[in-house]
Amino acid sequence: MRVSDRNQRITIQHKTATVTSGQETVNWMTSTTGPLWASVRWLRGRELEAMRQRWAKADFVIVLAFGDVQSVTINPYDRISWGSRTLEIDGGEDITGQRVFFNIYAHEIT
């Protein structure tokens, strides 16, 4: 992957929950690191089937530079805002192990 392939702006949103009188209220706070450059694409064909064996709902792969991943905390309870779409994070990995790019697998919240 080339740096120029990361041509989409995404925002990480962190889940915060408060409990008042036994009722949980969920709020989403935008990461303070601001929008990040990423490559966002739909999984298809064999790649989709391979990812579905690990993450049953994964429809998208979001590729970030490893430096961006280190500057923001991302966990499975977070979600990604991409344009008008909201993606729920299923998992992530550094495929090459070289700490250059980090793949996040996600599905769209409808």
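Tell me, which residue of region 1-16 that is among the hydroxyl-bearing types (Ser, Thr, Tyr) and either touching a His at 6+ places or on another chain (Cβ under 8 Å) or over 15 Å from Gly83 (Cβ atoms) (or both) is modelled with the highest pLDDT? Among those residues, the one meeting the criterion is Thr16. In region 75-98, the residues that are within 17 Å of Asp59 (Cα to Cα) form Cβ pairs under 9 Å with partners that are of a type in the set (Gly, Ala, Ser) and not in a strand (DSSP E or B), at six or more places apart or across chains, as follows: Asp78/Ser31; Asp90/Ala56; Asp90/Ala58; Gly91/Ala58. Of all residues in region 17-46, those that are surrounded by 10 or more Cβ atoms within 10 Å (Cβ to Cβ), over 14 Å from the mean Cα position of the chain (by Cα) and modelled with pLDDT of 90 or more total 3.
Yes/no matrix, rows are residues, columns are (1) of a type in the set (Lys, Arg); (2) surrounded by fewer than 16 Cβ atoms within 10 Å (Cβ to Cβ); (3) at pLDDT below 75:
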site	(1), (2), (3)
Lys57	yes, yes, no
Gln70	no, yes, yes
Asn75	no, yes, no
Gly83	no, yes, no
Asp90	no, no, no
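The values are calculated or read from the model by the stated rules, or taken from the named source; none is laboratory data. Remember, predicted model here, so these are calculated numbers, not experimental data. Glycine also receives a Cβ, built like all others from the backbone with ideal geometry; neighbour counts cover every protein chain displayed.
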